[in-house]
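Colleague: Structure in structure tokens, see below.
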Amino acid sequence: MSRVFKLWTTYRLMQGFLNGVTIGGGMLAQSWITRGIEQGGYAIFNAQVGYRFTKHLDASLTLNNMFNREYYIRPPGNFFSEFGDRRNVMLTLRSAF
């Protein structure tokens, strides 16, 4: 049986010239998986930086899979397999009214 552990945290700076900046990071770790083929355990690390422009608008830039780890999120089996995402960057804009 496989085990999964997920952790994500963010911290918003509130003073000085970095007021409004948010930094964060996270990880996903999974133990071995067996499904026709055995995959050893792995961990994926992510990092994020963001900025709050106004109380209604903020943006964040997230680097996923920082170390470009190759892994299956669904190992090969009888029907199909699926690789996990490679290193990628995601820009997110959020607005609230």
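Colleague: Select from the range 24-42 the residues that are part of a strand (DSSP E or B) and over 13 Å from the mean Cα position of the chain (by Cα) and write down the one among them that is nearest to residue 70 (Cα to Cα). Give the derivation first.
Modeller: Just the residues of the range 24-42 that are part of a strand (DSSP E or B), to begin with: 24-30, 33-34, 38-39, 42.
Within this subset, residues satisfying the condition of being over 13 Å from the mean Cα position of the chain (by Cα) are 30, 33-34, 38-39, 42.
On the way: 30: 13, 33: 14, 34: 16, 38: 14, 39: 11, 42: 9 Å.
Of everything passing the filter in the range 24-42, 42 is nearest to residue 70 (Cα to Cα).
Colleague: Follow-up question, since we're still on this one. Taking the residues in the range 30-48 that are surrounded by 14 or more Cβ atoms within 10 Å (Cβ to Cβ) and modelled with pLDDT of 95 or more as candidates, determine which candidate is farthest from residue 5 (Cα to Cα).
Modeller: By that ranking, first place goes to 48.
Colleague: Something else about it: Kindly list, by first and then second residue, each pair from a residue in the range 27-55 that is over 17 Å from residue 11 (Cβ atoms) and in contact (Cβ under 8 Å) with a residue 40 or more places away in the chain to a residue that is surrounded by fewer than 17 Cβ atoms within 10 Å (Cβ to Cβ) and among the basic types (Lys, Arg), limited to pairs with Cβ atoms under 6 Å and residues at least 6 apart or on different chains.
Modeller: Filtered contacts from the range 27-55: 44/69.
Colleague: A further question on this structure: Of everything in the range 50-68, what is surrounded by 15 or more Cβ atoms within 10 Å (Cβ to Cβ) and under 15 Å from the mean Cα position of the chain (by Cα)? Give them in sequence order.
Modeller: Result: 50, 60, 62, 63, 64, 65.
The values are calculated or read from the model by the stated rules, or taken from the named source; none is laboratory data. Computed from a predicted structure; not experimentally measured. Glycine gets a Cβ as well: all are built from the backbone with ideal geometry, and neighbour counts include every protein chain shown.
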